[in-house]
Amino acid sequence: MRGRKTIQTLHVAAVAASVALLGLVGCETLFHGEEDENEVVMSFDDAAVGTVPAGWRIAETAGKGKTAKWAVVKDESAPSKPNVLAVTETKNSGHTFNLAIAENATYKDLEVELKVKAVSGKQDQGGGPMWRVQDENNYYVARWNPLEDNFRVYYVKNGKRRQIASAKVKADPKKWHEIEVEHVGNTIVAEFDDKKLIEVKDSTFSEAGKIGLWTKADAATKFDKVEVKTEEEGDEDEDEDKDDD
């Protein structure tokens with residue numbers, strides 16, 4: 001959405017290689033990459049197949065003791081092949097949410113983008129990114145559900161999900177799709193396959209938080225090329241209408 005951010009690229013297997021200070025909110029991160037700042041790209045291609053990548057934690061919201069299994073798998077159809085991160089098995093149902101949380105950095109004003117492919121699910125399918133994650137019970141999420149033909153933004157507070165905005169979208173679940181969310185101040189702009197479908201204001205979580213991946217109930221989903229961009233402190237906001245009120 002915004003072209004003024006600079007770039008840092010990494011492979012997830014190098015997460016534990018060294019510590020780099022990004023000018024995010026004064027936090028440390030184990031992400032290591034090239035010499036530019038303010039963007040991290042996670043492709044999972046150097047992570048071992050069958051494992052959870054270093055720096056990621058598997059969790060759930062409203063779990064019933066059947067935590068979904070996540071793992072790096074090969075997918076030659078992936079936008080950044082060969083590897084992706086996927087929910088490989090879930091026996092969950094109802095309002096249990098399956099989470100993979102990137103533990104090593106926090107972000108406040110950000111743009112998060114990823115590729116997503118729905119694999120299976122009778123109750124639910126699809127999923128999307130989480131951001132400003134405080135813990136497994138408090139975060140924002142944008143998710144696509146091909147069973148319902150919609151794309152929605154929610155917040156989850158104290159384990160309870162509340163819808164903020166919704167848009168209709170019909171997309172082939174057998175193909176990869178792109179979700180992109182920008183959250184600056186209290187303004188959230190969400191795109192699906194490069195089309196802006198949602199713009200809404202919400203102040204439920206104003207603090208920096210982690211990012212993550214999300215599915216619901218029995219949705220088995222693949223994720224690839226997770227990109228996070230942040231604004232440098234002191235940058236001028238080009239879009240005045242995106243400032244905090």
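Only residues in the range 159-177 that are touching a residue at least 60 places away in the same chain (Cβ under 8 Å) and more than 25 Å from Asn138 (Cα to Cα) count as the first member; pair them with residues that are of a type in the set (Asp, Glu) and assigned to a strand (DSSP E or B), Cβ under 8 angstrom, at least 6 apart or cross-chain, and list the lot.
So the pair list comes out as Trp176/Asp224.
Can you tell me which residue is surrounded by the most Cβ atoms within 10 Å (Cβ to Cβ) among those in the range 48-81 that are over 15 Å from the mean Cα position of the chain (by Cα) and among the charged types (D, E, K, R)?
Asp75
Could we say that Val181 is in a strand (DSSP E or B), touching a residue at least 60 places away in the same chain (Cβ under 8 Å) and of a type in the set (A, V, I, L, M) here?
When the stated conditions are applied, Val181 passes them.
Sort through Val112, Val153, Val84, Val133 and tell me the only one that's of a type in the set (Val, Ile, Thr), touching a residue at least 40 places away in the same chain (Cβ under 8 Å), crowded, with 19+ Cβ neighbours inside 10 Å and under 17 Å from Ala59 (Cβ atoms).
Answer to the check: Val133.
What number of residues within the range 115-130 satisfy the criterion of being surrounded by fewer than 22 Cβ atoms within 10 Å (Cβ to Cβ), of a type in the set (S, T, N, Q) and touching a Ser or Thr at 6+ places or on another chain (Cβ under 8 Å)?
So the count comes out to 1.
Sort through Ala142, Ala165 and tell me the only one that's outside any loop (DSSP other than H, G, I, E, B) and crowded, with 20+ Cβ neighbours inside 10 Å.
Step by step, each of Ala142, Ala165 is checked, and only Ala142 is outside any loop (DSSP other than H, G, I, E, B) and crowded, with 20+ Cβ neighbours inside 10 Å.
Return the only residue of Asn38, Asn92 being over 27 Å from Lys108 (Cα atoms), surrounded by 15 or more Cβ atoms within 10 Å (Cβ to Cβ) and not hydroxyl-bearing (Ser, Thr, Tyr).
Exactly one of Asn38, Asn92 is over 27 Å from Lys108 (Cα atoms), surrounded by 15 or more Cβ atoms within 10 Å (Cβ to Cβ) and not hydroxyl-bearing (Ser, Thr, Tyr), namely Asn92.
Laboratory data are not the source of any read-out in this text; all were calculated from the coordinates shown. Owing to the predicted nature of the structure, the values given are computational and were not obtained by experimental measurement. All Cβ positions, even for glycine, are placed from backbone atoms using ideal geometry, and neighbour counts span all protein chains on display.
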